[in-house]
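Report on the following structure.
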Amino acid sequence: MRGTADILPDAARTWEWMERRIRDLFRRFHYGEIRTPAFEPTDLFRRSIGEGTDIVNKEMYTFPDRKGRSITLRPEGTAGVVRALIQHRLLEPNVVSKYFYLGPMFRYERPQAGRQRQFHQAGIEIVGSNRPEADVEAVALLRAFFLELGLGEVRFRVNTTGGRAFRPELNRILKQRLAPVKEALCTDCRERFSRNVLRIYDCKVPRCRDEIARLPGIRDLLPESDRDHFESVLRGLERLGISFEIDDRLVRGLDYYTRTIFEAYSDSLGACDALAGGGRYDALFEEMGAGREVPAVGFAVGMERVLQALSGADKLPAFPGPDAFMIRAGAVDCFDVLETADRLRRLGFSVASDLLGKSVKGQFRLADRLGARFALIRGERETESGAYRIKDLQTGEEEQVSETGLAARLGEKLGKRRVSP
Ligand code: HAM
């Protein structure tokens, strides 16, 4: 289906590698995994992401279930995490909890390179701290994420849109500035003017861009407390050696953000799409029914885009073939060979074999195609003497070993110590 992709075994190996590295990194930063459902009541996303957003207005997969309840395939992960933490009463005062998630998300967008209708995000949420350290840890983790996968340093764009308390005033100021030119704005922006004026900063239409260029940077309109928080975040980023660019016109496509927002870009991605985005959302928990303010900050990375950037930078890992390929030469019982393969696999070796009764030549060809490191050859003579010939498929060297010594010798040759006696 348009906008979806099958991940076939070769690619799945890369996904598995990415996921393993990422999980390992998240654990090092001490985040616990949270798995929330792929669908939720539509209302959850409307209320959290915001009625006036493109995601809610144009991109959600929404349908009635068999009892007529409106269901939506999750377009992002934050809303579900917030719902789950409130539902399971996991919000303790003065306790910070840190979560990560990996999984498919769904947005009805026009598919193109790096933009799918089912895509995958890896994300984190730091819940319970309003301090700039939390914002800085989020960005530091995001930088570590790209370093861990070998993508190197990425570009960060950061901004602040101020706290929720100031938002009505910010909207008022922006409306006042834009009112005289409102009729010159595009249709979408005229709609944004009444629904969510801050989003006008994100318009790509040239005549709107001209007006945006005449607006002050968002930061300049904010009260001192918000500017101080942002200054501290910037100081933290500098201290950790994270290079960033302040984009005082950056806004994000989801309404729940307050104060710090950020996006990550890579030169290897080609288009100007973000690899990741995130920010602070201090008001969301309370708005979703937590009963009090629970400050939080997080981000999500688009995994397909990371793959694309890795491939663009020629940084995709190459995976080795199997350690060994079993070769049955002549009138040898196929189960004899399969039994040895089974034993080696249980000891931790990766072993491939032919299941089609191919000729010796055909088996070698297959071993070659799979990139096997060694061939383990069992002919009639070897069967009689209870032995195997180990052939190095890179050098062509061969040696004979007894069946009982096979695992130990193979382990030595591979330079691995995986063999128990
Ligand atoms: P977002 O910016 O909407 O933020 O999405 C994060 C990332 O998901 C994007 O930077 C992009 O890499 C990827 N992405 C989004 N849409 C698509 C698509 N159609 N195809 C492929 N990749 C896509 C969020 O989702 C927030 N929940 C992040 C967050 C977590 N904020 C706080 N905590």
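Some points to look at:
- Using the Cβ of ALA113 as centre and a radius below 12 Å, the other residues enclosed give a net charge of +1, where K and R count +1 and D and E count -1.
- Subset of LYS58/LYS175; LYS58/LYS98; LYS361/LYS413; LYS391/LYS413; LYS315/LYS391; LYS175/LYS204 violating a 22 Å alpha-carbon distance limit: LYS58/LYS175; LYS58/LYS98; LYS361/LYS413; LYS315/LYS391
- Spatially, segment 173-248 and segment 332-388 are offset by 65 Å when compared through their Cα centroids.
- Length added when fully stretched, GLN400-ARG195, from 0.36 nm per residue minus Cα-Cα: 66.0 nm
- Share of carbon and sulfur in the accessible heavy-atom surface of the chain [1.4 Å probe, %]: 48
- Summed residue charge, Cβ within 12 Å of ALA213's Cβ, Lys/Arg positive, Asp/Glu negative: +1
- Solvent exposure of the chain amounts to 50 Å² per residue of accessible area, where only protein heavy atoms count and the probe is 1.4 Å.
The values are calculated or read from the model by the stated rules, or taken from the named source; none is laboratory data. Owing to the predicted nature of the structure, the values given are computational and were not obtained by experimental measurement. No Cβ is skipped: glycine too gets one built from the backbone with ideal geometry, and neighbour counts run over all protein chains shown. Ligands, DNA and RNA are stripped out before the accessible areas are found, and what is left, the full protein with its side chains, is counted by its heavy atoms. Shrake-Rupley method; radii C 1.70, N 1.55, O 1.52, S 1.80 Å.
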